[in-house]
1. Could you give each residue of the stretch 120-131 its phi-based ³J(HN,Hα) in whole Hz, using Karplus coefficients 6.51, -1.76, 1.60 with θ = phi - 60°, and x for Gly or Pro?
2. What is the chain's relative contact order, in percent, from Cα pairs under 8 angstrom and six or more apart in sequence?
3. In Å, what Kirkwood hydrodynamic radius results for the stretch 118-187 from the alpha-carbon pair distances?
4. Could you check the spin-label model distance between residue 41 and residue 109? Points 7 Å from the Cα along Cα→Cβ, value in nm.
5. What's the angle, to the nearest 10 degrees (0 to 90), between helix 174-184's Cα axis and the longest principal axis of the chain?
6. Choose one of 41, 102, 118: the residue whose Cα lies farthest towards the positive end of the charge dipole of the chain (beta-carbon charges +1 Lys, Arg; -1 Asp, Glu; about the Cα centre).
7. HN-Hα J couplings of the stretch 33-50 from phi, Karplus 6.51/-1.76/1.60, θ = phi - 60°, integer Hz, Gly and Pro as x?
8. Report, largest value first, the span of the C-alpha coordinates of the chain along each principal axis, in whole Å.
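The values are calculated or read from the model by the stated rules, or taken from the named source; none is laboratory data. What you see is a predicted model, and the numbers here were worked out from it, not measured in a lab. Cβ sites come from the backbone with ideal geometry, for glycine too, and all protein chains shown count toward neighbours. With ligands, DNA and RNA removed, areas are computed over all heavy atoms of the protein, side chains included. Shrake-Rupley method; radii C 1.70, N 1.55, O 1.52, S 1.80 Å.
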Amino acid sequence: CQHAEQCVGAVPDEVKAKQKEEQKDLLKERISFEMKKYFGTDFKRVNHALKVGRYAEQILKMEGGNPLVVMGAAYLHDIGIHEAEKKYASTAGNYQEKEGPPIAREILQRLNVQKEMVDEICDMVGHHHSPKDEETLNFQILYEADWLVNIEEEGISKDRGMVEKVIGKVFKTTTGRKLAEELYLAA
């Protein structure tokens, strides 16, 4: 009620901070749920997005960045793949980048995500295969997390020389590079 503070006193800052974190976690879960609902029985795409999300969380913990933006983009980065298959009979990255942002925007707006975050997530979805010369930390985390999964899924992991090239070209964060080396070059 509007007079609650007068009745029970001010809510401590740490309680407010905890509530805010819980709301962010709930929103991340809702974005993940919407992605799963959208992909339906396409478990390959669902599992890919979930793996990208797990790696993104690991990189986020060490490097910083906006967790809601990064995780939203991680879960939705390939959301345009079905539309690309329908329209162009292709899953090529440029078609995913073209078709993904409108779908991601609709999902995020339905979940009442802040406009600035929607815009940033959609921008990331719209060029996640085509990084610019200068990128944000949020984008870089998504890009590296996606590559950590793609190295395995695309069979690149079987070619040590190719893995070394990819790591040298793609991985700019200390955490992402370390993960890639541990996963694909150790042993």
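1. Those phi angles translate into 5, 4, 5, 4, 5, 4, x, 8, 5, 9, 10, x Hz.
2. Relative contact order for the chain comes out at 20 percent.
3. Numbers: mean 1/r = 0.0795 Å⁻¹.
It works out to 12.6 Å.
4. 3.1
5. With rounding to tens, the tilt is 50 degrees.
6. Selected residue: 41.
7. Along the stretch 33-50, the couplings run 4, 5, 4, 4, 4, 5, 6, x, 8, 7, 5, 4, 6, 4, 5, 4, 4, 5 Hz.
8. Rounded to whole Å, the extents work out to 67, 41, 32 Å.
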